[in-house]
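The block underneath contains the structure these notes are about, expressed in structure tokens.
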Amino acid sequence: MKICVIPARGGSKRIPMKNIQDFCGKPIIAWSIDTALKSNLFDKVVVTTDNAEIASVAKKYGAEVPFVRPADLSDDFSGTNAVVKHAIQWFISNGMNIDYACCLYATAPFVCSKYLEEGYRKLIRTQKSFAFSVTTFPFPIKRALRIKGDCVEPIWPENTMARSQDFEEAYHDAGQFYWGKANAFLDNKVLFSNKSIPVIIPRYLVQDIDSVEDWKRAELMFSALIARNEFQHF
């Protein structure tokens, strides 16, 4: 069995109840649920939450909420792996065998089914532990600066005169989805390691949403893509 696990706790601080705030016409979590359901990749699409209002919204848009997430997995320090592991263990304890799980973030409205499919295919083909979304940095990270008092200085001064095209391309976690073998989650395997394979997402489909500024930028990007007919979820 393949499950999609969407973490959505109720205690977000910077944007209260972020997971169900309206994003371009519907609760932001609904975009993730809709993409997961319409991808036809999963036997179950599950939202794990500690909040009754989030659970109600999740069910309205077609996800299952078969359990209440425990309080010790609902604070600011709870890691994604622990939350997914708990969901897998719940299904196993209820007599269901889980082969693969995909953690899909509730605040990932740009996620596309074709990249979810690519992640699953890569996981099967390579037999790695995980496959997850990454994207490129928009600027060479080896040219990064730091601010000390009123002064600016390069973190790596030796790169100041180097040409940007000579730097190795650098990537970061795109924060959309994490496919994994169920046993990899259960055994607490390390995600950022040679046991993982990347799924490269174009930068225009990536926006981390942690602040009000992030949210406004994401809505503008999303609306522009929809208006230009350049964005297909499915």
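The values are calculated or read from the model by the stated rules, or taken from the named source; none is laboratory data. Source: prediction; values computed, not measured. No Cβ is skipped: glycine too gets one built from the backbone with ideal geometry, and neighbour counts run over all protein chains shown. Just so you know, the surface numbers come from the protein's heavy atoms only, side chains and all, with ligands and any DNA or RNA stripped out. Shrake-Rupley method; radii C 1.70, N 1.55, O 1.52, S 1.80 Å.
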* Which listed residue (A87, N40, N51) has the Cα farthest towards the positive end of the charge dipole for region 31-103, taking +1 on Lys and Arg C-beta and -1 on Asp and Glu C-beta about the Cα centre? -> N40
* Note the full-extension length gain between A144 and K26 as 0.36 nm times their separation in residues minus their Cα-Cα distance, in nm to one decimal. => 38.7 nm
* Asked: Label M161 and S193 with points 7 Å out from Cα along Cα→Cβ: what is the distance between them in nm?
  -> 4.2 nm
* Structure fact -> GNM of the chain, Cα pairs under 10 angstrom: of S211, S56, S93, the biggest fluctuation goes to S93
* Structure fact -> Across the alpha-carbon set of region 143-234, Rg over Rh with Rh taken as the Kirkwood radius works out to 1.06
* When the distances between all Cα atoms of the chain are binned every 10 Å from zero, what whole-number percent does each bin get? -> 7, 30, 34, 20, 8, 2, 0
* Across bins of 5 angstrom width beginning at 0, how are the C-alpha pair distances of region 83-219 distributed, in whole percent? -> 2, 9, 15, 15, 15, 14, 11, 8, 5, 2, 1, 1, 0
* Would you tally the net charge around D75, using a Cβ to Cβ cut-off of less than 13 Å, leaving D75 out, and scoring K and R as +1, D and E as -1? => 0
* To do: Roll a 1.4 Å probe over the protein heavy atoms and report the accessible area of K44 in Å², nearest 10.
  => 50 Å²
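In a shell of Cβ-Cβ distance under 15 Å around K216, excluding K216 itself, what net charge do Lys and Arg (+1) and Asp and Glu (-1) give?
-3
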* Asked: If you build the Cα gyration tensor of region 59-142 and take the root of 5 times each eigenvalue, what three semi-axes come out, in whole angstrom, biggest first?
  -> 26, 19, 15
* Structure fact -> With all protein chains present and a 1.4 Å probe, the order of V83, V68 from largest accessible area down is V68, V83
* Using alpha-carbon pairs under 8 Å, 6+ residues apart, how would you state the relative contact order of the chain in percent? -> 24 percent
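Taking only the Cα atoms of region 1-50, how large is their convex hull per residue, in Å³?
Working: hull volume 3.3 nm³, N = 50.
Looking at region 1-50, the number lands at 66 Å³ per residue.
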* Asked: When the C-alpha atoms of region 1-96 are aligned to their principal axes, what extent does each axis show, in angstrom, from largest down?
  -> 37, 32, 19
* Using a cut-off of 9 Å between beta-carbons, work out the net charge of the residues near A162 (Lys and Arg +1, Asp and Glu -1, A162 not included). => +1
* To do: Determine the equivalent ellipsoid of region 117-195 by diagonalising the alpha-carbon gyration tensor, then write out the semi-axes as square roots of 5 times the eigenvalues, largest first, rounded to whole Å.
  => 35, 15, 10
